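FYI, it's all coordinate maths here, none of it is from the lab. The structure displayed is predicted, hence computed values, not measured ones. Reconstructed Cβ throughout: ideal geometry from the backbone, glycine too, with neighbour counts over all protein chains shown.
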Amino acid sequence: MKPTRLVLIPLAWAACGLAQPLAPPAGWQQSQQRDPADTYTFTRFTLLGRFLNPPPTESADRPALRVECIPTSTQHRSKFLGADLLVGTALKILYVEPEEIRGTNYFPEVAVRYRTDGAKQDEQKWQAGTDRIPTAKPSDKTSATIPRETLKKMLHAQSVAITVDSDRGAPLEMQFDMPSAAAVEAACRVE
């Protein structure tokens, strides 16, 4: 009878929701994607991170770094398409006036503070990404575009800490443990 009880206890924990959740995949996850017009295939690399403080909305998933490129083919060199920080909750958007005004265009940017491997914190303004919360408010952006030079620093780091502000002004602190980026660098020629 005792062996049966030992088997039933973990099953009861799982039924009650007390079992440990499965850990997210470690390292860069690679997938093949098609562009919206279905004209070419590109490679997407995704690295999941974690929030150091809870986000203001429960709908936010884990933060992620996403790098996209068209890998090397037999005739062409690889092409870096872009890199994004995906936060999953609405970010505070700064509207920057362009140097030359033509109409009412302003550039949406996100104030970002980041640190690699415990080095001095760097502050930059990144362009707001295209990912957003599906609402009627188009300014609810949930991502920021990582500049190429900054991405190079991040890919060579062991850890990256990033802080951005939510649309309510609360700081969102994220941590990314950076595994080897050899596959990303080889496919995307970030260097």
Surrounding net charge for TYR40, when Lys and Arg each add one and Asp and Glu each subtract one, Cβ distance under 15 Å:
+1
Summing +1 for each Lys or Arg and -1 for each Asp or Glu, what net charge is found among the other residues whose Cβ lies under 14 Å from the Cβ of ARG50?
-2
What is the set of long-range amide H partners of MET178 at a cut-off below 5 Å, with H atoms built 1.01 Å from backbone N?
SER159, VAL160
For segment 112-129, what does the Karplus curve 6.51 cos²θ - 1.76 cosθ + 1.60, with θ = phi - 60°, yield as ³J(HN,Hα) per residue in whole Hz, taken in order and with x for Gly and Pro?
10, 10, 9, 9, 10, 6, x, 6, 4, 5, 10, 10, 9, 10, 9, 5, 5, x
I'd like the Karplus ³J(HN,Hα) series for segment 82-91: coefficients 6.51, -1.76, 1.60, θ = phi - 60°, whole numbers in Hz, and an x wherever there's a Gly or Pro.
x, 9, 9, 9, 9, 9, x, 9, 4, 9
Around LEU94, what is the net charge, scoring Lys/Arg as +1 and Asp/Glu as -1 over all other residues with Cβ under 9 Å from its Cβ?
+1
Within 10 Å of each residue's Cβ, count the other Cβ atoms and sort THR89, THR163, THR41 from fewest upward.
THR41, THR163, THR89
